[in-house]
Amino acid sequence: MAQLGVSGKRKIGRVIYHTFCLALCYVMLYPMLWMVFSSFKETGSIFTSAAKLLPENWTFENYGNGWKGFSGNHFGVFFKNSLFVTALATVGAVASSAVIAFGFARIRFFGSRVWFACMMITLMLPFQVIMVPQFLMFQKFGWNNTYLPLIVPYWFGQAFFIFLDMQFMQGIPTELDEAARIDGCSTFGVFYRIMLPLISPALITTAIFSFIWRWEDFLAPLLYLSRPETYTISMALKMFSDPSSQSDWGAMFAMAALSLLPAFILFAMFQKYLVEGVATSGLKG
């Protein structure tokens, strides 16, 4: 009986725990659910029925209106622009951060600790601090109204990704490096043949984070892009909201719901690697 009592208490505890987690999950997801369901409401009834999650009259008109875009550019153009910028910036961030992390983790050079400290300090600098000097610098380069300011900076390493990759590398035994060098591998060979395959979870993690951050970035495109045909999704969504006239909220919510799909699909596909990469567990068993 005592055993049954303990088992019953554990079942009740699990029920309470999962109920609490589901309730918390619903609270966290409610704003996104509200946006998605509002995209199926008529524009005039979105805020009058804001307290209701499900629409009374379902309509797909918002998706058609939103996809038409504005200024002669349909929304597919903005998706293409965002994919172009995000893909190149992500590749640059992942590749450059891995190379720099390998240098800090495996190569001993003069002033390495000082440079590592400088890199870590940059984690404390918000983008708003360097926004003005960076804008003036890119303006002198003639990069305004191009995608270069949105791509090139990420080809020189990102402090958070460097630290993540470095922590993962430090969990890999140095004996593997020594064995590879005995077999004739150069420093680049050790990095390419030994290190990269072993830190693939960390690389996938940095790719996911970089993709999501670049995909949803609004401030940088706002600073450097002024032609509608070059707008990214974040800028295009902003154009649906016009304080001086009536905003097409239905179309904006519809396109915002579509803009969630790439990040959601990426996360769903690589969730396993994301968890493993954040854990930075290195080699196992």
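Every residue in the range 182-212 that is small (Gly, Ala, Ser) and surrounded by 19 or more Cβ atoms within 10 Å (Cβ to Cβ), please.
First, the residues of the range 182-212 that are small (Gly, Ala, Ser): 184, 186, 189, 200, 202, 207, 210.
If the condition is that a residue be small (Gly, Ala, Ser) and surrounded by 19 or more Cβ atoms within 10 Å (Cβ to Cβ), then ALA202, ALA207, SER210 are the ones that fit.
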### Message
For the range 200-224, give me each residue that is polar (S, T, N, Q) and more than 13 Å from the chain's Cα centre (by Cα).
### Response
SER200
### Task
Identify, by number, the condition in (1) part of a helix (DSSP H, G or I); (2) over 30 Å from ASN62 (Cα atoms); (3) hydrophobic (A, V, I, L, M, F, W, C) that LEU258 doesn't meet.
(2)
### Task
Taking TRP215 as the residue in question, decide whether it is open to solvent by less than 80 Å² (accessible area, probe 1.4 Å), within 25 Å of ALA87 (Cβ to Cβ) and in contact (Cβ under 8 Å) with a residue 60 or more places away in the chain.
yes
### Task
For PHE47, work out the one condition from (1) open to solvent by 50 Å² or more (accessible area, probe 1.4 Å); (2) in contact with a Phe, Trp or Tyr (Cβ under 6 Å, 6 or more places away or on another chain); (3) closer than 16 Å to ASP248 by Cα; (4) not aliphatic (A, V, I, L, M) it doesn't fulfil.
(2)
### Query
All but one of (1) over 25 Å from the mean Cα position of the chain (by Cα); (2) without any contact (Cβ under 8 Å) to a residue 60 or more places away in the chain hold for PRO197; which doesn't?
(1)
### Task
Using the structure shown, decide if ARG214 is closer than 29 Å to ILE265 by Cβ, out of contact with any strand residue (DSSP E or B) (no Cβ under 8 Å at 6 or more places or on another chain) and assigned to a helix (DSSP H, G or I).
yes
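The values are calculated or read from the model by the stated rules, or taken from the named source; none is laboratory data. Since this is a predicted model, take the numbers as computed values, not measurements. So basically every Cβ, Gly included, is an ideal-geometry build from the backbone, and we count neighbours across all protein chains shown. What goes into the accessible areas is simple: the full protein's heavy atoms, side chains included, and nothing from ligands, DNA or RNA. Shrake-Rupley method; radii C 1.70, N 1.55, O 1.52, S 1.80 Å.
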